[in-house]
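The structure under discussion appears below in the form of structure tokens.
The values are calculated or read from the model by the stated rules, or taken from the named source; none is laboratory data. If you're wondering where the values come from, they're calculated on a predicted model, not measured in any experiment. Backbone-built Cβ (ideal geometry, glycine too); neighbour counts: all protein chains shown. Ligands, DNA and RNA are excluded from the accessible area calculation, which covers all protein heavy atoms including side chains. Shrake-Rupley method; radii C 1.70, N 1.55, O 1.52, S 1.80 Å.
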Amino acid sequence: MHPAPSVIIFSSLSGAGFGLLFFLGLGMPAPSGWVAFVFYVIAYALAVGGLLSAFFHLANPKNAVKSYSQWRTSWLSREAWAAVAALVVMGLYAFGQVFLGTTWTALGWLGAALSIGTVFTTSMIYAQLKTIPRWNQLPATPLMFLSCSLAGGALLSGNVTLAVVLLLVAGGVTLWHWSAGDTRFAEAGSTLNTATGLKGKMGLWEKPHTGENYLTREMVYQVARKHAVKLRVIAIALMSLLPALLILVLPTHIGAVLAVISHIAGILTQRWLFFAEAEHVVGLYYGAHLGKAAA
Amino acid sequence: MTALPKSTDKKLGLVIDLDTCVGCHACVTACKGWNTQNYGAPLSDMDPYGKPEGTFLNRIHAFQSQPETGLAQTTHFPKSCLHCDDAPCVTVCPTGASYKRAEDGIVLVNEDACMGCGLCAWACPYGAREIDQAQGVMKKCTLCVDRIYNENLPEVDRQPACVRTCPAGARHFGDLADPTSDVSILVAERGGMDLMPEQGTAPVNKYLPPRPKDQIQAPVMGGDEDILAPYLAPVAEEPKGLLAWVDRALEKL
Ligand code: SF4
Ligand code: SF4
Ligand code: SF4
């Protein structure tokens, strides 16, 4: 799948932002006044910034408001609802803490549930797609998104011990998602034979057109696979190991800032891989996997 | 509403004969022509004098296959929306723009509601949906819904443009829910098949497999049936003269 920067930025930043809102909603910490203000500015900048970036991914954004209509069937619509509900509830809760110095605990819990729920709905948009076997992993795909969001949230909210644990958990879940994902395409069972109903060893004789098209650009993205292993190592190191080490050995604000930067850079790499390594079955019609099918 | 109908009264769709298709792309052109001049946003072409690409609702691939026994075959493979019964492209749509009609099973996009998120194209296993790069809305085969019910057209033209135009008769249109329809009989007799059944989309469109071409199907020629045969028969079975000498010399080497 084409690793569109807008979608990668969306899922990385808003994941961390909603993770932070989750911990703030739980009262971990429960700041007030200016400190609270700064926390919420960071959380909203990440969450809303991510959402705006996803908005720019739309080819026809003027109809975006209609995406609230199909929550019964569509995970994307559910995500839109969850995001707005989380931002509104947490906005009220933040108002209490920043301006009134009070913490409305029950409201915070609701906001926390909606925040993490938003991350879950995002993950299900990908996990539901049978056409992209690497994404279609239950529960690994949702767990990967959730653990990354919680790790980022714990880091940003200054829950140091929890952050170390969650960073390592997120790294572990990511490794699991990768290794299980590597065999998913074969397990899903789609080949050029099932795609065409034709028998025997197959080859692509002629493409339907000489140039590219929307499908080949969007879904038949050719990743430079020789770099995939290196990028995996970089992703795990930056998103998980380095930040955990930094907050343990450098328990200062500088250490925390460096850990956050490293973590977000690592998550961006992980999400780039999430897209670039994912193969859509439509690629079969354009000659993907022919080596394996013919062997 | 992007919930799928429980069942549809009819299942209008196409039956595509892989044995007959000659890969001429006439249906591609007819489809683009009709759907650019009629319902919905036109199908744009981008950068036509540079690196051209464009929106198409129907594309023809071509594959070669080598069966276990027998000769290799080349198969032209037209592909457009299969109007799936269990259409994943419909249920993922957040805006309600994608829908499947309860009356005839046609899967359509309401372009006035589409926000161009592209999720439905991701959900379709067959690559049957493309966002038009000029209009930013999702385009897909409409089964020529603006032809098949169109009383302004002569009756013979109330068929999809691709079916009407195919010079080889490789595309057939009809109701696949009716077991007595021509298309259903064709599917039953020729062993019509689903594409990627493992994806669970229950496509309405069916593909007829190519007939095996592992033997020469022409009758053995005796010579009598061809008046030229006697004149073309080899005159000298054994080489003579110089040729005979060359032949013998080569044999000895
Ligand atoms: S072929 Fe693709 S676009 Fe058409 S109904 Fe099936 S899933 Fe949807
Ligand atoms: S691109 Fe349009 S039709 Fe497709 S899922 Fe998005 S809103 Fe629905
Ligand atoms: S039925 Fe109409 S829209 Fe669909 S492929 Fe044929 S010509 Fe194109």
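Quick notes
- Exactly one residue out of B:Y39, B:Y49, B:Y99 is open to solvent by 20 Å² or more (accessible area, probe 1.4 Å) and either in contact with a Pro (Cβ under 6 Å, 6 or more places away or on another chain) or within 14 Å of ligand 1 (Cβ to nearest atom) (or both): that is B:Y99.
- Selection status of B:C144, under 25 Å from B:A3 (Cα atoms) and within 15 Å of ligand 2 (Cβ to nearest atom): no
- Answer from A:A82, A:A86, A:A64 - the residue that is within 14 Å of another protein chain (Cβ to nearest Cβ), in contact with a helix residue (DSSP H, G or I) (Cβ under 6 Å, 6 or more places away or on another chain) and under 28 Å from A:Q128 (Cα atoms): A:A82
- With respect to the conditions (1) open to solvent by less than 50 Å² (accessible area, probe 1.4 Å); (2) more than 15 Å from the chain's Cα centre (by Cα), A:T121 falls short on a single one, namely (2).
- Pair list, Cβ under 8 Å, 6 or more apart: segment B:241-253 residue without any contact (Cβ under 8 Å) to a residue 40 or more places away in the chain, other residue open to solvent by less than 100 Å² (accessible area, probe 1.4 Å): B:V246/B:P239; B:D247/B:P239
- Here A:V220 fulfils each of the conditions (1) under 30 Å from B:I131 (Cα atoms); (2) aliphatic (A, V, I, L, M); (3) more than 14 Å from every other protein chain (Cβ to nearest Cβ) apart from (3).
- Test result for B:G54, farther than 25 Å from A:Y126 by Cα, more than 16 Å from ligand 1 (Cβ to nearest atom), within 8 Å of chain A (Cβ to nearest Cβ) and open to solvent by less than 30 Å² (accessible area, probe 1.4 Å): yes
- Of all residues making up segment B:155-185, the number that are buried (at least 18 other Cβ atoms within 10 Å of the Cβ) and not in a loop (DSSP other than H, G, I, E, B): 12
- Failed item, numbered, when A:F99 is tested on (1) within 12 Å of chain B (Cβ to nearest Cβ); (2) surrounded by fewer than 22 Cβ atoms within 10 Å (Cβ to Cβ): (1)
- Of all residues making up segment B:101-123, the number that are within 10 Å of chain A (Cβ to nearest Cβ) and in contact (Cβ under 8 Å) with a residue 40 or more places away in the chain: 1
- Unique match (being surrounded by fewer than 23 Cβ atoms within 10 Å (Cβ to Cβ), in contact (Cβ under 8 Å) with a residue 60 or more places away in the chain and closer than 30 Å to B:C89 by Cα) among A:I42, A:I9: A:I9
- Subset of segment B:138-154 that is of a type in the set (A, V, I, L, M) and open to solvent by 10 Å² or more (accessible area, probe 1.4 Å) - its residue that is nearest to A:S6 (Cα to Cα): B:V145
- Considering B:A102, B:A134, B:A123, B:A161, the condition of being within 9 Å of ligand 3 (Cβ to nearest atom) and of a type in the set (A, V, I, L, M) is satisfied by B:A161 alone.
- Against the criterion of being within 20 Å of A:L198 (Cβ to Cβ), open to solvent by less than 20 Å² (accessible area, probe 1.4 Å) and more than 8 Å from chain A (Cβ to nearest Cβ), B:L82 qualifies.
- Helices (runs of 4 or more DSSP H) wholly inside segment A:106-222 that include at least 3 residues being free of Cβ contacts under 8 Å to residues at least 24 places away in the same chain and not polar (S, T, N, Q): A:160-181
- Considering the conditions (1) of a type in the set (V, I, T); (2) within 10 Å of chain A (Cβ to nearest Cβ); (3) surrounded by 18 or more Cβ atoms within 10 Å (Cβ to Cβ), B:T69 is excluded by exactly one of them, (3).
- From the list A:A228, A:A244, the one residue that fits, being at pLDDT 95 or above, of a type in the set (A, V, I, L, M) and open to solvent by less than 20 Å² (accessible area, probe 1.4 Å), is A:A244.
- Count of segment B:106-136 residues which are more than 6 Å from ligand 2 (Cβ to nearest atom), touching a Lys or Arg at 6+ places or on another chain (Cβ under 6 Å) and outside any loop (DSSP other than H, G, I, E, B): 4
- Residues of segment B:85-95 satisfying the condition of being touching a strand residue (DSSP E or B) at 6+ places or on another chain (Cβ under 9 Å) and either facing chain A (nearest Cβ under 9 Å) or surrounded by 24 or more Cβ atoms within 10 Å (Cβ to Cβ) (or both): B:A87, B:C89, B:V90, B:T91, B:V92, B:C93
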